[in-house]
Amino acid sequence: MPRKEFQGRYASVYFNTPEEMAKWEAKAKEYDVTLSKLISEALNLLEKVTGPRPDLIKRITEQDEEIARLRNELRLRTTLLERYEADLFKLSHTHFAELDMDEGGRQHSQKLIEFLKDEKVHDGYSIFSALGVDPRDTEACKLVQNQLRSLEKYGLVAETPNGWRWLG
């Protein structure tokens, strides 16, 4: 039982071995302090160096939650933007819905033409990707396919076993 003046601020410390206790008593004597003071100072130093900082833990937790919320929002906005771009592509190229229409007044996709002009052979997926067209969107794929067929009629592209190649 501690003396009355130490009540409420007393703790017992058990070392693993008597030799370990002797080692720390020698350290305390070396620094000319009591073993209690040495332990207290060591714990205070440890708390400063590695101790839990509730303010930082709270801040990190809040930032992690904010990052998760922003990632989710970005994912939703990206999905929405992709849908808008797909709809815009379809609206811009609805005149290619039918392949055999009068070719005179139709405007081909500049993105498609620029992409094909590198004279490499491009498969359908790389063309869809370059145009931002989802390969699962059959309507948009049909519009791209009809544009490629139209360009083929003009002799500007050719279909090869590996994809489409610019000739023009």
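Assorted remarks:
- Among (1) under 30 Å from L151 (Cα atoms); (2) surrounded by 12 or more Cβ atoms within 10 Å (Cβ to Cβ); (3) modelled with pLDDT of 80 or more, the one test that M101 misses: (3)
- For the range 112-122, the criterion of a residue being more than 14 Å from L151 (Cα to Cα) and modelled with pLDDT of 90 or more is satisfied by at least one position.
- Selection over the range 40-77 of residues that are surrounded by 10 or more Cβ atoms within 10 Å (Cβ to Cβ), modelled with pLDDT under 90 and not charged (D, E, K, R) gives a count of 8.
- The range 27-40 residues that are in the same structural domain as F15 (by TED's automatic domain parsing) and part of a helix (DSSP H, G or I), paired with ones that are at pLDDT 90 or above and of a type in the set (G, A, S) (beta carbon under 8 Å, 6 or more apart): L35/A28; K37/A28; L38/A28
The values are calculated or read from the model by the stated rules, or taken from the named source; none is laboratory data. Everything quoted here is computed from the prediction, not taken from an experiment. Every residue, glycine among them, receives a Cβ derived from its backbone with ideal geometry; neighbour counts consider all protein chains shown.
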